[in-house]
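Q: Dumping the structure here so I can ask a few things about it.
Values in this text are rule-based calculations from the coordinates and carry no lab data. The shown structure was predicted, so the numbers you read here are calculated from the model rather than taken from an experiment. Glycine also receives a Cβ, built like all others from the backbone with ideal geometry; neighbour counts cover every protein chain displayed.
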Amino acid sequence: MSAALLTGTPLAGRVAVVSGASSGIGAATARRLAELGASVAALARRKDRLDTLAEAIRADGGTALALPVDVTDRQAVQTAADQVAEHLGTADLVFNNAGVQLISGITELRMDDWQRQIDLNVTGVMNVIGAFLPHLKDAADAGRTADLITTSSIAATRILEKFSIYSGTKAYISHLTRLLRVELGPQNIRVATIEPGMVDTELPSHVTDPDASRLMAGLLTEIDPLRSADIAETVAFITAAPRHVNLTEITILPTAQAI
């Protein structure tokens with residue numbers, strides 16, 4: 001378990017949206033933001049897991065709304081944004097976290113895997129931005145702190161064999177963050193991305209390529225990897241900073257990870 005950097009309820013009064021919240025980083029972040037006082041809307045496809053998460057948050061005294069949604073469905077995400085407004089109010093903190101990692105050599109032509117990563121890691125991210133950016137703008141215009149944070153990866157900048165499509169989608173996210181800041185920073189909307197290294201979540205289990213699977217399994221056993229709670233605490237730290245402070249790009253690695 002990570003050491004908590006924050007105490008009390010510095011996020012009291014804020015309305016947070018977390019996509020990819022059914023497991024791993026998303027679930028841990030939803031719980032941590034709720035612990036710090038935010039009302040949390042949890043978005044993901046797996047309703048049973050979302051319901052369990054929301055119940056756990058409420059049992060700890062927090063406020064949570066479970067919204068089963070496939071972020072690749074633009075209209076479904078817009079409907080979710082409307083439900084957040086109706087039940088919790090205007091969202092001022094969006095953690096755009098849903099993603100998938102499917103590693104294979106480019107000559108294997110696993111085009112269905114390519115498309116799935118593009119659909120979720122790029123189109124899904126853009127759908128969340130499109131649906132919730134009006135929330136963030138309204139919050140910023142009202143003088144509230146407004147945060148848009150997206151999960152990228154060190155794969156955005158590392159040159160890793162067989163990671164071409166996944167790395168390309170994450171490079172898109174990292175550079176998108178830089179570009180969005182040019183437009184949104186002057187409107188008092190903070191934009192940030194987190195680029196984690198090896199995190200012990202279910203994401204590596206999606207990898208079917210034997211070489212990539214061995215690489216990741218080896219890393220998980222040879223080093224002390226990051227935990228989802230480490231990323232959750234990083235998101236919490238970014239969002240609890242004073243309104244005029246924007247931590248824009250954070251790379252977070254296990255100390256022993258060299259690649």
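Q: Using each residue's phi in the range 149-159, evaluate 6.51 cos²θ - 1.76 cosθ + 1.60 at θ = phi - 60° and report the 3J(HN,Hα) Karplus result to the nearest Hz, with x for Gly and Pro.
A: 10, 10, 8, 9, 6, 5, 5, 5, 10, 7, 9
Q: Check which residues have an amide H placed less than 5 Å from residue 64's amide H, if you skip close sequence neighbours.
A: 40
Q: Another question, then. Given H placed on each backbone N at 1.01 Å, which residues far from residue 69 in sequence or on other chains put an amide H within less than 5 Å of it?
A: Residues meeting the amide H criterion: 44, 45.
Q: Rg and Dmax of the chain, Cα atoms, in Å?
A: Final numbers for Rg and Dmax: 17.4, 52 Å.
Q: Taking K and R as +1 and D and E as -1, what net charge do the other residues with C-beta under 15 Å from the C-beta of residue 119 add up to?
A: Numbers: positive: 45, 74, 110, 116, 170; negative: 70, 73, 112, 113.
Around residue 119, the surrounding residues sum to +1.
Q: Still on this structure, please answer the following. Between residue 83 and residue 171, what is the label-point separation in nm under the 7 Å Cα-to-beta-carbon projection?
A: The answer from the label model is 3.7 nm.
Q: Same structure, new question: Can you tally the net charge around residue 51? Count Lys and Arg as +1, Asp and Glu as -1, for every other residue whose Cβ sits under 13 Å from the Cβ of residue 51.
A: Working: positive: 45, 46, 47, 49, 58; negative: 48, 55.
So the surrounding residues net to +3.
Q: Modelling each spin label as a point 7 Å along the Cα-to-Cβ direction, I'd like the residue 161/residue 7 distance in nm, to one decimal.
A: Calculated label separation equals 5.0 nm.
Q: Which of the peptides 234-242, 51-59 is most tightly packed, and how do the rest follow, judged by the mean count of other Cβ atoms within 10 Å per residue?
A: On the way: 234-242: 19.3, 51-59: 16.4.
Top of the packing list down: 234-242, 51-59.
Q: Pop a pseudo-label 7 angstrom from the Cα along the beta-carbon direction at both residue 221 and residue 116 and give the gap in nm to one decimal.
A: Placing both labels 7 Å beyond Cα along the Cβ direction yields 2.5 nm.
Q: Sticking with this one: Under 11 Å from a label point 7 Å along Cα→Cβ of residue 200: give me every residue in the range 1-38 with its amide N that close.
A: What the label zone holds, given the 11 Å backbone N cut-off, is 1-2.
Q: To continue, here is another question. Per residue of the range 126-131, in order, report the coupling 6.51 cos²θ - 1.76 cosθ + 1.60 (Karplus, θ = phi - 60°) as ³J(HN,Hα) in whole Hz, putting x for Gly and Pro.
A: 5, 4, 5, 4, x, 6
Q: Applying the Karplus parametrisation 6.51 cos²θ - 1.76 cosθ + 1.60 with θ = phi - 60° to the phi angles of the range 56-63, what ³J(HN,Hα) value in whole Hz is obtained for each residue in order, glycine and proline being reported as x?
A: Whole-Hz 3J(HN,Hα) from phi for the range 56-63: 5, 5, 5, 4, 8, x, x, 10.
Q: Name the long-range amide H neighbours of residue 93: under 5 Å, sequence gap of 5 or more, or other chain; modelled H, no Pro or chain starts.
A: 15, 17, 147
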